[in-house]
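Have a look at the structure below, then the notes.
The values are calculated or read from the model by the stated rules, or taken from the named source; none is laboratory data. Everything numeric in this text was worked out from a predicted model, so none of it was measured. Glycine gets a Cβ as well: all are built from the backbone with ideal geometry, and neighbour counts include every protein chain shown.
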Amino acid sequence: MKSPPIIAALAFIAFLPPSFAEQSLDAKAYAQQIVSSHGGAEKLLRIVKFSETYYMGGDLTKKGTDRTSIIQAPTLWYVGKTERVSKSGKGSVCQDIWMWTLVPLTDPNTKLEIVPDITTDGKLAHGLKVSGTIEPSITAFFDASTQDLVRIDWRGQIFTFSNPVEVDGTRVPSKCVLEGKDGKERIRTELRSIERLHELPADLPKP
């Protein structure tokens, strides 16, 4: 016969609220909730120009590198007049940035799956595994309170995002720290300006 303390403990556990991943919330419904909290699908950034300062190796004592990019993710990424995706021959070179825009969450070919919660920077974050349109799949985590993107796990690397800013009716993180497969910081970047474009500038070369 179980002792009263054990019975009480079992009763307490039985009435604990289930974790986010254990709930019956549909992954697609959660994705729609995220998109809605960022202004809706029509407000997400599809062509974007941004200027950034980035630091290699996490050494903030050295001078950062300034760079301006124009991106139509996931297929086009211009730095100056150079298109990085076609030059690298890697179609995945800006899929992480595509996830940053949240647009993959609206693509009908994207497959979504709820994954277990994590805690990042002391805050609860809900997770979605995103595949189909992104391969290998990305696991993206969103602040449980604000729905802002706070982390991406992809190709054995971790992208940690912070400082979300408003951009023409939507919201995107403006800071990112990338940790490599060895757990060491590879790059830290801060976006100094972010601008929505409605079309690619005519003077950019075709890939």
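Okay, here's what the table says:
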{"quantity": "Condition check for residue 195: within 15 Å of the chain's Cα centre (by Cα) and over 15 Å from residue 34 (Cα atoms)", "calculated": "no"}
{"quantity": "Filter result (surrounded by 12 or more Cβ atoms within 10 Å (Cβ to Cβ), more than 30 Å from residue 62 (Cβ to Cβ) and among the charged types (D, E, K, R)) within segment 169-207", "calculated": "171, 196"}
{"quantity": "The listed residue being among the β-branched types (Val, Ile, Thr), touching a residue at least 60 places away in the same chain (Cβ under 8 Å) and under 16 Å from residue 99 (Cβ atoms), out of 134, 152, 158, 138", "calculated": "134"}
{"quantity": "Any hit, segment 111-127, residues being among the small types (Gly, Ala, Ser), farther than 21 Å from residue 175 by Cβ, assigned to a strand (DSSP E or B) and at pLDDT 95 or above", "calculated": "no"}
{"quantity": "Filtered residue count, segment 79-103, keeping only those that are at pLDDT 95 or above and not β-branched (Val, Ile, Thr)", "calculated": "4"}
{"quantity": "Pick from segment 129-185, criterion polar (S, T, N, Q) and within 18 Å of residue 104 (Cα to Cα), ranking: nearest to the chain's Cα centre (by Cα)", "calculated": "139"}
{"quantity": "Segments classed as strands (runs of 3 or more DSSP E), wholly inside segment 136-207, with at least 1 members that are touching a strand residue (DSSP E or B) at 6+ places or on another chain (Cβ under 6 Å) and charged (D, E, K, R)", "calculated": "138-143, 149-154, 170-179, 185-196"}
